[in-house]
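Step one of this worksheet: look at the structure below.
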Amino acid sequence: MEGMMKKLLSLGAAALAALVGGCGDGPSTVPGGYRNAATWSTFFAATSSGPLLLEVHGNPFGDPAAELRARVARAMSAAIPARPFTMTTDAQAAPAPKVRVVVALGAPPSLDAAELCGGKVATAAAGADGGRVELLAAFCDGGSLLSSVRGWVGKVDGSDDARFARLLGQVMRELAGDPQ
């Protein structure tokens, strides 16, 4: 009986390793260690009377900047079906411009999410290494961090790649948080 149990456990471990290994190209996200209790209510309030402000830094694809920002905004706007909202990169069009999402494409591991809210942005040079895109995103209320997410996806052909859009959607869901 004991031998059979060990065999089942090792099979389970092998299956788990295969599952995790299958996700080697992502998209994958990891929420930051801090989440303000007011994250969802701030998101809800900021999107109730118009679009949410989006800042995009970095351009690993070398796309025209406006095109890249529009793609990021579209992908993130579609992320929460239960709470339809839109995003804008125009501060004048956002009813609550101090509440915003800041996305740094190609963010170095040393960049802290709170620094994004404070206006400090450092991104890697253009050119996704082997199609891998890393990002750091922060949901900010003025200079204060509400939530953050690090994410990556590999083998991406360009900003119009569906896997890049899935990463952005996943990031937005993590940033806004759970309505409970």
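Overview of values
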read-out	value
Area accessible to solvent at TRP40, 1.4 Å probe radius, in Å²	50 Å²
Heavy atoms of GLU174: accessible area, 1.4 Å probe, square angstrom to 10	60 Å²
Residue-level accessible surface for ASP90, protein heavy atoms, 1.4 Å, Å²	70 Å²
Carbon plus sulfur fraction of accessible area for the stretch 60-167, probe 1.4 Å, in percent	52 percent
Accessible-area ranking of ASP178, ASP112, largest first, probe 1.4 Å	ASP178, ASP112
Residues whose placed amide H lies under 5 Å from that of THR88, excluding near-sequence neighbours	LEU52, LEU53, LEU54
Where the stretch 71-175 is the region considered: accessible area per residue in Å², 1.4 Å probe	43 Å²
Note, ³J(HN,Hα) from phi for the stretch 134-146, Karplus 6.51, -1.76, 1.60, rounded to Hz, x at Gly and Pro	10, 8, 10, 10, 10, 9, 10, 10, x, x, 9, 7, 9
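The values are calculated or read from the model by the stated rules, or taken from the named source; none is laboratory data. Quick caveat: nothing in here was measured; it's all calculated off a predicted structure. To get the accessible areas, we keep the full protein, side chains included, count just its heavy atoms, and leave off ligands, DNA and RNA. Shrake-Rupley method; radii C 1.70, N 1.55, O 1.52, S 1.80 Å.
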